[in-house]
Amino acid sequence: MRDITIIAAAIPAAEVKDGLLVVPAKEIEGALDGLKRLGGFMLFDISAVDRPTGSPAPQPAASTPGAAPGALAAAASAPASAVPGAAPAQSSAPAQPCFELSYRFMDMREKAKDVLTLRVIIDRDHPVVPSVARLWPAADVLEREVWDLMGIEFSGRLKQERILLKSDFVGHPLRKDFVAPKRERFPSPSWDRKAAEGGL
Amino acid sequence: MELTDTGVGLPAHGQSEPSTLIKGKVHDGIESILDFCRGNSLWPVTFGLACCAIEMMTAGSARYDLSRFGFEVFRPSPRQADLMIVAGTVTDKMAPLLKTIYDQMPEPKYVLAMGGCAVCGGPFADSYSVVQGVDTIVPVDVYVPGCPPRPEALIDGILKVRAMLRDRKLKERPFNA
Amino acid sequence: MVGFLTTIFNWAQGILGLPATSLADALPWWDILWAFIYFVGAVILLIINVIMLIWIERRAAGFFQERVGPNRVGPLGLLQTVNDTIKLLGKEWIMPAAADKLIYLIAPLLIVTISVTMYGLLPYGPGITPVTLNVGILFFLAISSVNTLSVLMAGWGSNNKYSLLGGMRTVAQIISYEIPMALSIIGIVMITGSLDLGTIASSQAHVWNVFIQPVAFVIFVISALAELTKSPFDMTEAEQEFVAGYHTEYSGIRFTLFFMGEYANLFSMSALGVVLFFGGANGPFLPPWVWFIGKTYVFILFMLWIRWTFLRIRVDKMMKFNWKVLIPISLANLLLTGVGIKIWQAATGAIKW
Amino acid sequence: MSDFITEADGLETQEFILNLGPQHPSTHGVYRARLIMDGETVISAENKVGYLHRGIEKLAEGITYAQFTPYTTRFDYVAGALQPWAWCLALEKLGNIVVPERAEYLRVIVGELQRIASHLVMLGSIVLDFSAITPWTYVFNAREDISDLLEAVSGSRLLVNYFVNGGVNADLPEGWIPKVEKALDSMLKRLDDFDRMVSGNEIFVGRTKGIAVVSAEEAIEYGITGASLRASGLTFDLRKDSPYSIYDRLDFEVQSMPAGDSFDRYYVRLLEIRESAKMVRQALKQLPAGDIRAKVAKVWRPAPGEAYAAIEAARGIMGYQVVSDGTVKPYRVHMRSPSFCNIGIIPAKAPGLTLQDFIAFIASLDFVLGDIDR
């Protein structure tokens, strides 16, 4: 992978925190545009984490896709030191309910491939970010999934509908405050005609 | 497949009262022969849902050879099938479609719940989107537990349907349940 | 019975405006009785054939696929098909609410009727031809084309998109492949000088037509596979595309009729191949009909071998192959046959230049 | 583009909607494509997935790390053994666990055997879509040889739950290694039969060559990974480009094909099977003695933090994001499944294909519904 600090320098408002590229929510569109202009990045994953009690500082995610046992041992010391400061209770940032949205890229230009993570902290009450489907078509399905399961809206899309859940599903299940509707574990005997018809 | 038109069924055997002519021994004899034949040619509908579908395919392949018993005729159209093997997790989104496919099958029809998910929801029973057992939607004749069951277990399950048919144990079953 | 038929014939004559010589006079009652016996015979032959063919197909498939195949019902699983048929008789008949009811109901009957008719035309041996027609081969081709109609009716009447697409494909396929088939047969007809199936068969007592007309034979096999919608031309059912093709919506006995029609046509088409290219019922030692049936089954096994080996071709390539390859070749073959016949006649002194 | 598409010469034709799936013989599960068709030509296609959505990421938040490991085999159920690898890698990164060397070798051996089994299913199902049942039985017979090995080592034929946090579940059973050699020989022989029967077949080539060509740029844009990407001429493979486990010690080639059409997507998998067999043999030769599992507490509480690990699974990059809050249960588990991104190309490439080509196309993408819907 190209050096992350060089990438960060080429992207507006980006800073490197513990191996992640962190971008403020307002600047996300420009940052992604910048990344696209750099070229050679494949968007392969978008994920979100719900933090109703506020976000801890960005974690030093081991950014190698995998590591040989030796490399793993060598890298062991770095994350361990950062861990205590990362606990939600000790976080220096004010506890704002938020979503951590991560875009993950694979650098296709270099021989050694690595994961580049772009992290955005977005407001939990008003979770809207611009869509990147125009830059990377791969984002189309990924954004739909994030909206479906986590309820983060991607503006500027042609279509925003549920992809995994059925269209009349209420709520976004991966949010921490989602309560699944209770159901009977073993319902009445299925031979009963009424039960079978009402079973849906 | 979304077939919106629901089948208008002519009366199947047992659904309506058999006419007085063929009541009694004659009717019983015909039914025995029919049940024997049904047991020997249970054609499953091609309907794989999840992991168990792979084992279902394996059961049909050369090593386990479902065809020995005459069960290898996987019919893609539910109209021509006798047996629905529910092989895998049934989700809320899939449930109405599964019911539709069941409705499209002509009587007499049998359902085999294959694997933990189809039996009771299996490891996903606590999920927000998984149906807790296919017997909440359609009547199940034979349950084959396992995650996934081996192909031998599936074959044994189908043979159980056959045995029940031979022993006339499915006789009293209400149709269109 | 006879009086009733006579009335019908008279009535038909009146409608058609035919000359006054009564058809019924030309049809003595024993002819009608014989026709009836032949009809029953053809139906029985058809049913036995279908049972045997399905058994062979399933067991042969097992052989090709390193497995056993049905072997539980009856010795070697021979009664499996009987068993399946009885089961299908006991199934519910479902008719889609939106179906075109009359067409939907007639289609499966038509396909079996045509098969029985075709069985009546085959020369099973000297003196065992149910119906001898001097235009036998034309009639055979004409009747077999009506299959198309039945498939189209089933596809249209079901009111299902998969059925309709399957039916439409079949129409395009069967109609196009009839042309090379007819052209390949014309070569035989030119050599034999007769359209009668019995004459064609008996004319090959010394040398089979397959050695005289090898190109026509290849074209015939390919077109026959397409006509029968067998792999690699099994567009009609095309399970992986159209679920079950034109009979997606058929269940129970109606589906059985389609199934029977399909295998019955496999036999009659192979029998036609034997008549045209393999000397029909000619053969030493054994009775002629044994030779006929035996040759036909070898031909069928060959077709099944192809069916279990090849993949399904694409629809447009299939059509292209027909119009751009098969038809030109068969036309060229026809031309060469004509030239060849003339040269032969000149050489043997049949004609003088 | 085929010749089948003709100008409608003043003939009014009507487009219609065809729902392919979720119960359809050729959708390999409960995938549904909503096609707008003009006769047999696809005008536009839309993916409809989610019929197997089991809510696994939510379930993970309610159970412990060790309990979740068997669940991971249930997504890409065709390649069950490979899925927990990414999960275990993420956990090992989270807890700084060093996996013993022997365990790494065992992982590679079982993982590559599983990759072979998975690709064999793909080969079987693509020919099944061309109604060729005989080659399908050949590859399924070959797969049985591999399944037996996996069963001997893990106890399960299909959903091989062999990888655990910190190593593997069990050591090899007695006499397993000679069996592997024998099974690989027999599998490769059957594969050669299959190759001869299918790859050179005029009909098969005619139906797959030049169909739905995905260029390398497009493949990257759409986030396609795995063998489907390598069929577009790229040699992108995490096993080589970012070697995890002991892949850097094995001598293997990343297989790729140049054209990016359906045929290449099929053939690259066939080549990968042979390559994987080579890797299994190498790993067996190098297999060291030693522990098979690092010391991991029964009740495992990783420090709060986050880890991301990705592996080259049978269908592409399988990635796991694990967020821990210091308790026995994960705070959030996110999985990046290869099939989910790979199907994104379908709506882009479908227009203009005939229905038959469309089916060949989706079969060549080799997606698994459990992997898409999770």
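The values are calculated or read from the model by the stated rules, or taken from the named source; none is laboratory data. Because the structure is a prediction, the values reported are computed rather than measured. Every residue, glycine among them, receives a Cβ derived from its backbone with ideal geometry; neighbour counts consider all protein chains shown. Just the protein is used for accessible areas: all its heavy atoms, side chains included, with ligands, DNA and RNA removed. Shrake-Rupley method; radii C 1.70, N 1.55, O 1.52, S 1.80 Å.
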Point to revise | Residue within region D:58-69 that is at the interface with another protein chain (Cβ under 7 Å from one of its Cβ atoms), without any contact (Cβ under 8 Å) to a residue 40 or more places away in the chain and either part of a helix (DSSP H, G or I) or surrounded by fewer than 24 Cβ atoms within 10 Å (Cβ to Cβ) (or both) present | key: yes
Point to revise | Count of residues meeting criterion [out of contact with any strand residue (DSSP E or B) (no Cβ under 7 Å at 6 or more places or on another chain) and away from chain D (no Cβ under 14 Å)] in region A:106-156 | key: 2
Exercise for review: Return the pairs, sorted by first residue and then second, in which the second residue is acidic (Asp, Glu), the first residue lies in region B:155-166 and is under 19 Å from B:PRO139 (Cβ atoms), the beta carbons are less than 6 Å apart, and the residues are 6+ apart or on different chains.
Suggested key: B:VAL161/B:ASP141; B:LEU165/B:ASP35
Practice item. Could you tell me whether region D:163-177 includes any residue that is within 14 Å of chain C (Cβ to nearest Cβ), surrounded by 17 or more Cβ atoms within 10 Å (Cβ to Cβ) and not in a helix (DSSP H, G or I)? Key: no
Review point. Among the residues of region B:116-128, is any touching a Leu at 6+ places or on another chain (Cβ under 9 Å), more than 9 Å from every other protein chain (Cβ to nearest Cβ) and not charged (D, E, K, R)?
Key: yes
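In this structure, does D:LYS189 turn out to be more than 21 Å from the chain's Cα centre (by Cα), over 29 Å from D:ALA86 (Cα atoms), surrounded by fewer than 21 Cβ atoms within 10 Å (Cβ to Cβ) and modelled with pLDDT of 85 or more? Break it down into steps so the answer makes sense when it comes.
Values: more than 21 Å from the chain's Cα centre (by Cα): yes; over 29 Å from D:ALA86 (Cα atoms): yes; surrounded by fewer than 21 Cβ atoms within 10 Å (Cβ to Cβ): yes; modelled with pLDDT of 85 or more: yes.
It is true that D:LYS189 is more than 21 Å from the chain's Cα centre (by Cα), over 29 Å from D:ALA86 (Cα atoms), surrounded by fewer than 21 Cβ atoms within 10 Å (Cβ to Cβ) and modelled with pLDDT of 85 or more.
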Check your understanding: Could you list, in sequence order, the residues of region D:20-37 that are more than 25 Å from D:ASP76 (Cβ to Cβ) and open to solvent by 30 Å² or more (accessible area, probe 1.4 Å)?
Key -> D:ILE36
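What about D:ALA313, is it of a type in the set (A, V, I, L, M, F, W, C), in contact (Cβ under 8 Å) with a residue 40 or more places away in the chain and touching a Gly at 6+ places or on another chain (Cβ under 9 Å)? Walk me through how you get there before you give the answer.
Details: of a type in the set (A, V, I, L, M, F, W, C): yes; in contact (Cβ under 8 Å) with a residue 40 or more places away in the chain: yes; touching a Gly at 6+ places or on another chain (Cβ under 9 Å): yes.
Criteria met by D:ALA313.
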Practice item. Output the number of residues of region B:56-74 satisfying the condition of being over 16 Å from D:ARG157 (Cβ atoms) and touching a residue at least 40 places away in the same chain (Cβ under 8 Å). Key: 3
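In region C:59-76, what count of residues is obtained for those that are of a type outside the set (A, V, I, L, M), farther than 18 Å from B:THR58 by Cα and more than 7 Å from every other protein chain (Cβ to nearest Cβ)? Working first, answer last.
Within region C:59-76, the subset of a type outside the set (A, V, I, L, M) is C:59, C:62-67, C:69-72, C:74-75.
Restricting the remaining residues to those that are farther than 18 Å from B:THR58 by Cα gives C:59, C:71-72, C:74-75.
Still in the running and more than 7 Å from every other protein chain (Cβ to nearest Cβ): C:59, C:74-75.
The qualifying residues number 3.
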Practice item. Please indicate, with yes or no, whether at least one residue in region C:275-291 is within 11 Å of chain B (Cβ to nearest Cβ), in contact with a helix residue (DSSP H, G or I) (Cβ under 7 Å, 6 or more places away or on another chain) and crowded, with 24+ Cβ neighbours inside 10 Å. Key: no
Practice item. Find the residue count for region C:160-205, including only residues that are open to solvent by less than 30 Å² (accessible area, probe 1.4 Å), under 18 Å from C:ASP316 (Cα atoms), among the hydrophobic types (A, V, I, L, M, F, W, C) and away from chain D (no Cβ under 14 Å). Key: 1
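Output yes when any residue across region C:313-335 is outside any helix (DSSP H, G or I) and closer than 25 Å to C:LEU266 by Cβ, and no when none is.
The answer is yes; a qualifying residue exists.
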Review point. For residues in region A:105-116 being out of contact with any Gly (no Cβ under 7 Å at 6 or more places or on another chain) and either open to solvent by 10 Å² or more (accessible area, probe 1.4 Å) or modelled with pLDDT of 85 or more (or both), which is farthest from A:VAL146 (Cα to Cα)?
Key: A:LYS111
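Among the candidates C:ILE219, C:ILE143, which residue alone is surrounded by 24 or more Cβ atoms within 10 Å (Cβ to Cβ), among the β-branched types (Val, Ile, Thr) and either at positive phi or assigned to a helix (DSSP H, G or I) (or both)?
Working: C:ILE143 fails: surrounded by 24 or more Cβ atoms within 10 Å (Cβ to Cβ).
Just a single option satisfies the conditions, and that option is C:ILE219.
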Exercise for review: Select from region D:100-151 the residues that are assigned to a helix (DSSP H, G or I) and aromatic (Phe, Trp, Tyr) and write down the one among them that is nearest to the other protein chains (Cβ to nearest Cβ).
Suggested key: D:PHE140
Review point. Closer than 29 Å to C:GLY167 by Cβ, touching a Phe, Trp or Tyr at 6+ places or on another chain (Cβ under 8 Å) and open to solvent by 20 Å² or more (accessible area, probe 1.4 Å), is that true of C:ARG254?
Key: yes
Exercise for review: Could you tell me whether C:LEU105 is more than 30 Å from C:PRO180 (Cβ to Cβ), modelled with pLDDT of 85 or more and either open to solvent by 10 Å² or more (accessible area, probe 1.4 Å) or outside any loop (DSSP other than H, G, I, E, B) (or both)?
Suggested key: yes
Check your understanding: Hey, among D:ALA219, D:ALA183, which residue is in contact (Cβ under 8 Å) with a residue 12 or more places away in the chain, of a type in the set (A, V, I, L, M), touching a helix residue (DSSP H, G or I) at 6+ places or on another chain (Cβ under 7 Å) and closer than 19 Å to D:LEU113 by Cα?
Key -> D:ALA183
Check your understanding: Of these, B:LEU154, B:LEU165, B:LEU112, which one is under 14 Å from the mean Cα position of the chain (by Cα) and within 13 Å of chain C (Cβ to nearest Cβ)?
Key -> B:LEU165
**Study point:** Lone unmet requirement of (1) within 14 Å of chain B (Cβ to nearest Cβ); (2) among the acidic types (Asp, Glu); (3) farther than 23 Å from D:SER125 by Cβ; (4) open to solvent by 10 Å² or more (accessible area, probe 1.4 Å) for C:ASP234
**Key:** (3)
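Considering C:GLY294, C:GLY261, which residue is assigned to a helix (DSSP H, G or I), free of Cβ contacts under 8 Å to residues at least 60 places away in the same chain and closer than 30 Å to C:THR85 by Cβ? Before the answer, list the steps.
Working: C:GLY261 fails: free of Cβ contacts under 8 Å to residues at least 60 places away in the same chain.
Exactly one of C:GLY294, C:GLY261 is assigned to a helix (DSSP H, G or I), free of Cβ contacts under 8 Å to residues at least 60 places away in the same chain and closer than 30 Å to C:THR85 by Cβ, namely C:GLY294.
Mind counting the residues in region D:202-216 that are without any contact (Cβ under 8 Å) to a residue 12 or more places away in the chain and either open to solvent by less than 20 Å² (accessible area, probe 1.4 Å) or within 14 Å of chain A (Cβ to nearest Cβ) (or both)?
Here is the first cut: in region D:202-216, the residues without any contact (Cβ under 8 Å) to a residue 12 or more places away in the chain are D:202, D:206.
Retained after the next criterion (residues that are either open to solvent by less than 20 Å² (accessible area, probe 1.4 Å) or within 14 Å of chain A (Cβ to nearest Cβ) (or both)): D:206.
Total satisfying the criteria: 1.
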Check your understanding: Counting only residues that are of a type in the set (A, V, I, L, M), open to solvent by less than 10 Å² (accessible area, probe 1.4 Å) and over 30 Å from D:GLY29 (Cα atoms), how many does region D:88-134 have?
Key -> 4
Study note, to complete from the structure: Flagged pairs (Cβ under 8 angstrom, 6 or more apart or on separate chains; first in region D:320-331, more than 9 Å from chain A (Cβ to nearest Cβ) and within 14 Å of A:LEU174 (Cβ to Cβ); second part of a strand (DSSP E or B) and open to solvent by less than 10 Å² (accessible area, probe 1.4 Å)) are D:PRO330/D:VAL322; D:PRO330/D:VAL323; D:PRO330/D:SER324
Review point. In region C:168-217, what residues are without any contact (Cβ under 8 Å) to a residue 40 or more places away in the chain and within 20 Å of C:ASN134 (Cβ to Cβ)?
Key: C:THR192, C:GLY193, C:THR199, C:SER203
